[in-house]
Each structure stands twice: as structure tokens, then as C-alpha cells.
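Asks: Please find one structure pasted underneath; my questions will follow.
The values are calculated or read from the model by the stated rules, or taken from the named source; none is laboratory data. In this text, all values refer to a predicted model and were calculated from it rather than measured experimentally. FYI the Cβ positions are ideal-geometry reconstructions off the backbone, even for glycines, and counts take in every protein chain you see.
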Amino acid sequence: MRDLRTLVSRPGVADHRAPRPRPADVSYGGGMPLLLIDLDDTLIDRTGALLNWATGLTEALGRPPVDVRWIQAIDSYGTADRAEVAWLINTRFDLRGPVAQAVEEILREGFAADAAVFPGVKDALDTARTAGWKIVVVTNGPTEQQRLKMRHTGLNDHVDATVVSEAVGLAKPDPEIFALAADEVRSPLAGAWMVGDSPGGDIRGARNAGIKSVWLHRGRSWPIADLRPTVTADSPAEAIRIVLDR
């Protein structure tokens, strides 16, 4: 059986279950500038993949559009338990046998095969790395699911490492996951940037870690009164350009 706590990262990255120095206690001198970046709905369009799948499912079943919105609601931006979401869908639509199993499988994989990388992302990542930045994807979610997304999208070839919450036993906005990400590529956390779409996870996490942040607003108004991102952007490619220009 596959070990779901194995770190999702580029080949050769160590398993963080083994005892190691606390990242905050390790000094790497000047190091390379560090860009930390979220995965779902930051680098890849998970929301779009869910919408496409839910629309296709409900149309095939002859269900009204309200059921698409219901699926989006119970999915809760991918934070709800996958098995529970599958059970709810299969129960509501009375799905059985191979069809029910297919629903369980695609939810378990997190739409990895269908989630597209946002335009300009790979070029922007490559530009940042050419300019000397180390890039680490920091993502909350199941290890196997996030591993599939990185592999199917080809993003592994455009970043230096990936840290997944389930694999390391930490999740955003805990500042330790950001420190661990910096340690992974032997770069100082001081001076790093975090790019993400989640106010509570990415931006609050960046503040907790004492680093700057770019919030992907995508037309949304900022929702938290006692917290502000350093800057905002409408796309991940724009966010990366902002960081490089700072």
C-alpha cells in the first residue's frame, strides 16, 4: 500500500517524519530568494475542473443547474472530506455500481487529470527560477491527490520542491509549514514571498510566518478586516511578475 505521508516533491526529497532540526533554527546565510506558492486555484484551476465535471454529471443525469451549485457547496473548495462528498453525491443522485465508483475515484484524485494550469504560469515560474529564485509549492491537502496534480500538470518541472500538509503534519496558516518549505530548498525564510488565493490559509499564513504576500483576488473583495496582503493580483503570472519587480 502506498505511504500517503511520503512528501510530495521532486525526486530525492527526504521524508519529514524523520527527526530533523527545526527549520527556524537553521541558517542559510544569504541564500537564494524564495517564492512560496499555493497550488489549487492559484497555479491550477481546480474550481473550473470541478465545475466542468459537475455540469457534465448533472446534465447526463438530467438534473437541474441547482445541483451543480449544490455540488460546489458541499465540495467547499476541496476542503471537505472526499469520501463524504462522494457519499452525498451518490446518495442524492441514487448512483450505484461503476458510476458510483467513478464518482469516488475522481473525487479522491481531486480532478487531477482535468485541472488545467492557468495561462502564463509555467513561463512565469521559469522566469523566476532563471532570475535566481527558489520556488516551493506549499499546499494543503491529501498527499496522493496533490502528487497527482503536480504530475498531471507537469508543474514538477517548473518548481524546486513541493510541501503537502498531510505529508508533513502541518497546514497553512501554521507558520511552521512555511519555515519547513524554506528549509527544503536551503533558503532563508526572511525576505520570502507567498502567493495564493486563500485569505485565511495563504495570506494569514504569510503574516504568521513574517513574510510578504500576494493575494489572487480574481475579482473578489478582501474579506478579513484585521488582515491585509502586501499586494494583490488577478492572476498567478501577474503575481509572480510583481514579486520579481519588488
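Asks: Do you know which residues across segment 150-165 are under 18 Å from Lys122 (Cα atoms) and in contact (Cβ under 8 Å) with a residue 60 or more places away in the chain?
Replies: Hits for segment 150-165 are Met150, Thr153, Leu155, Asn156, Val159, Asp160, Ala161, Thr162.
Asks: For residues that are among the small types (Gly, Ala, Ser) and assigned to a loop (DSSP other than H, G, I, E, B), scanning just segment 132-174, find the one that is modelled with the lowest pLDDT.
Replies: Gly141
Asks: Something else about it: Do you know which residues across segment 100-116 are over 20 Å from the mean Cα position of the chain (by Cα) and either modelled with pLDDT under 95 or not charged (D, E, K, R) (or both)?
Replies: Ala100, Gln101, Ala102, Val103
Asks: Any idea which of Gly62, Gly97, Gly78 is at pLDDT below 95 and either surrounded by 18 or more Cβ atoms within 10 Å (Cβ to Cβ) or not assigned by TED's automatic domain parsing to the domain that holds Val138 (or both)?
Replies: Just a single option satisfies the conditions, and that option is Gly78.
Residue-wise test of (1) hydroxyl-bearing (Ser, Thr, Tyr); (2) closer than 27 Å to Ser76 by Cα; (3) part of a helix (DSSP H, G or I).
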position: Glu176; (1), (2), (3): no, yes, yes
position: Asp183; (1), (2), (3): no, no, yes
position: Arg186; (1), (2), (3): no, no, no
position: Leu189; (1), (2), (3): no, no, no
position: Val195; (1), (2), (3): no, yes, no
position: Asp202; (1), (2), (3): no, yes, yes
position: Arg207; (1), (2), (3): no, yes, yes
position: Trp215; (1), (2), (3): no, yes, no
position: Arg218; (1), (2), (3): no, yes, no
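Asks: Go through segment 166-202 and give me each residue that's without any contact (Cβ under 8 Å) to a residue 60 or more places away in the chain and closer than 13 Å to Val136 by Cα.
Replies: Across segment 166-202, the qualifying residue is only Ile177.
Asks: Okay, next question. Pairs only if they're at least six apart or on different chains, beta carbon under 6 angstrom, first in segment 229-246 and β-branched (Val, Ile, Thr) and assigned to a loop (DSSP other than H, G, I, E, B), second buried (at least 16 other Cβ atoms within 10 Å of the Cβ) and modelled with pLDDT of 95 or more; list them, first residue then second.
Replies: Going by the 6 Å Cβ cut-off, the qualifying pairs are Thr230/Lys212; Thr230/Ser213.
Asks: In segment 25-45, which residues are at pLDDT 95 or above and either of a type outside the set (A, V, I, L, M, F, W, C) or touching a Phe, Trp or Tyr at 6+ places or on another chain (Cβ under 9 Å) (or both)?
Replies: Correct list: Pro33, Leu34, Leu35, Leu36, Ile37, Asp38, Asp40, Asp41, Thr42, Leu43, Ile44, Asp45.
Asks: Which residue is surrounded by the fewest Cβ atoms within 10 Å (Cβ to Cβ), if the candidates are limited to segment 104-126 and must be aliphatic (A, V, I, L, M) and touching a helix residue (DSSP H, G or I) at 6+ places or on another chain (Cβ under 6 Å)?
Replies: Within segment 104-126, the match that is surrounded by the fewest Cβ atoms within 10 Å (Cβ to Cβ) is Ala113.
Asks: A further question follows. Report yes if Arg129 is assigned to a helix (DSSP H, G or I), surrounded by fewer than 18 Cβ atoms within 10 Å (Cβ to Cβ), on the phi < 0 side of the Ramachandran plot and not hydrophobic (A, V, I, L, M, F, W, C), otherwise no.
Replies: Considered against the rule, which asks whether it is assigned to a helix (DSSP H, G or I), surrounded by fewer than 18 Cβ atoms within 10 Å (Cβ to Cβ), on the phi < 0 side of the Ramachandran plot and not hydrophobic (A, V, I, L, M, F, W, C), Arg129 comes out as yes.
Asks: Quick check on segment 188-201. Is at least one of its residues more than 17 Å from the chain's Cα centre (by Cα), buried (at least 23 other Cβ atoms within 10 Å of the Cβ) and over 20 Å from Asp41 (Cα atoms)?
Replies: Yes: one or more hits.
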